[in-house]
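Here it is: the structure, laid out below.
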Amino acid sequence: MKSILHKHIVSAAIGATFVLTTSCEKFVELGAPPTQVLSEEAFLTDASARSVILGLYVSGVGNVGTTTFYSGMAADDVQYNAADAGLLEFANNGLLNTNSYVNNLWGSLYQLVKNTNNSIIGLEKSASLTPAVKEQLLGEAKFMRAYTYLYLVNLYGDVPLHLLGDLEVFEQASLGRTSTDLVYAQIIADLIDAESKLPVAYEGTFRARVNKHAASALLARVYLYRNDWEKAELQATKVLQATEYGLPATTSNFTNTSSEVIFQIANLNGVTTFGANYITVANVIPVYTLRDAVYETFETTPAIDLRRTNWTVPKTVSNKVYYAISKYKVSAGTGNEYHIVLRLAEQYLIRAEARANRNNLAGAKEDTDAIRTRAGLGALPATLTQTQLLTAIETERLHEFFGEFGHRWFDLKRTGRATAVLSPVKADWQATDVLFPIPNAQILLNNNLAQNPGYEN
């Protein structure tokens, strides 16, 4: 299974000629002829500095599948159909602190943190870059650091807050866990700075590098997670008022030219990790499918939800029906799909939830109905109470984002609904399962790290 999961990651280095490595002395050029660029040289020219930042996007591809599949299995949207013991621990919410996948995910995310730290420090010290280029690259690096920490803090809770570069690696190796509040404060600070530095216009093609709207969109999500309803609504509105974006039909909104895309991570051949893992040939069970219970919650009368029609495919194998996730249509060869990290539908539902919590029920209904209309459904009743409307929005989020980047897992955790929803469907569910364990291997390396409750030896 592991080889399937990472099938397309190596080919994701589209457009990037430099990436940051684990070495504290150099960057490595991927192109030919092979050369090594000292870190102090990597930020001397616009071209070399730009290449370093492109490397951050390449590194980010490696976390697309893991952050999606692990958290999806832990929630109630992604069903695991194979027999890998380590992955079954996610599906059964029975993770051990020795789980190698948990340790690898932690290491991968922190490697990206270190790479962004090195980039930010190098850019800030450079006096030779074109000012506008320097500002944009700093904005991109800070966005990537914020995005990475958002996953770390949601998956593991309090985590070490590394903000220094390789030269201070020994000082940071013994950092303890930083409170969730302080980690979120850093995420918000990075995104506010990124938003101020990034241009509205996309650099390059296919919206594969972040712009100002991407920073606003992610900031809207962060404020939502922090229950800061006013700021969440404000940030989502910024994006929703932009003229570049739209809600295309559910048959085409996951292509790399979709107007719904706010930010996507490119790959070399237009085939995504999602397509490779969710789609299989006839008579082959996909490793990951949509849970039967979720499939049954889609509306079918008076109209059938187009997300059920276009984003799932029933497959019968050995007399058992599986519901393949078919948002992405291409699983091999070449295609026209990238990994869509941020899309417009989320901003409608962020604003809907924020408005509902501010008791603007009419505005919340309007935003939710925009998503329902795209799905071929009728408007919500005008008589819904605040509680009923928030429940409806939660359901829309499930139907809209199943199998994508852990949205369902994070939604259940942040709303305090994880135990109520998951305990009836997960036999061994415990309230402490809302966090992954701190990898035991990391605790052995750093005795200042404390374990999450429920995972002690």
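No value in this document is a laboratory result; all are computed from the given coordinates. The model shown is predicted, which means the values in this text are computed figures rather than measured ones. All Cβ positions, glycine included, derive from the backbone under ideal geometry; neighbour counts span all protein chains shown.
On C-alpha positions alone, give me the angle between the axis of helix 386-401 and the longest principal axis of the chain, in degrees, nearest 10.
Relative to the chain, helix 386-401 is tipped by roughly 60 degrees.
Still on this structure: If I stretch the segment between Thr205 and Thr309 completely, what's the gain in nm (0.36 nm per residue apart, minus their alpha carbon distance), one decimal?
Details: separation 104, 0.36 × 104 = 37.44 nm, distance 3.04 nm.
Extending this stretch completely gives an extra 34.4 nm.
Count the net charge of all other residues whose Cβ sits under 15 Å from the Cβ of Thr368, scoring Lys and Arg as +1 and Asp and Glu as -1.
Charge balance in the 15 Å sphere: -4.
Additional query: Where does each of Leu54, Leu198, Leu380 land when they are ranked from fewest to most other beta-carbon atoms within 10 angstrom? Walk me through the numbers before you get to the answer.
Working: Leu54 23, Leu198 26, Leu380 19.
Fewest-to-most ranking of Leu54, Leu198, Leu380: Leu380, Leu54, Leu198.
Please give the net charge around Asp411, taking every other residue with its beta carbon less than 13 angstrom from that of Asp411, where Lys and Arg add +1 and Asp and Glu add -1.
Residues near Asp411 contribute -2 overall.
Here's a follow-up. Mind giving me the FRET efficiency for Thr300 and Ser179? R0 is 51 Å, r the Cβ-Cβ distance, nearest 0.05 is fine.
0.65
Hey, what number do you get for the chain at 222 nm if only DSSP H runs of n ≥ 4 count, each worth -39500 (n - 2.57), divided across all residues, to the nearest 500?
The per-residue figure over the chain is -14500 deg cm²/dmol.
Please report the relative contact order for the chain, taking Cα pairs under 8 Å with a sequence separation of at least 6, and give it as a percent rounded to a whole number.
Worked out over the chain, it gives 20 percent.
What distance in nm separates the two pseudo spin-label positions at Glu40 and Arg414, each 7 Å out from Cα along the beta-carbon direction?
4.3
Suppose the chain between Val321 and Ile285 were pulled fully straight at 0.36 nm per residue; how much longer would it get relative to their current alpha carbon spacing?
Going from the current span to full extension adds 12.0 nm.
Within a 10 angstrom radius of the beta carbon, how do Lys142, Lys320, Lys231, Lys327 rank from fewest other beta carbons to most?
Ascending Cβ contact count within 10 Å gives the list Lys320, Lys231, Lys327, Lys142.
Hey, another quick one. In the structure displayed, which of Lys114/Lys142; Lys212/Lys238; Lys238/Lys413 lie more than 20 Å apart, Cα to Cα?
Lys238/Lys413
If I stretch the segment between Asn359 and Gln386 completely, what's the gain in nm (0.36 nm per residue apart, minus their alpha carbon distance), one decimal?
9.0 nm
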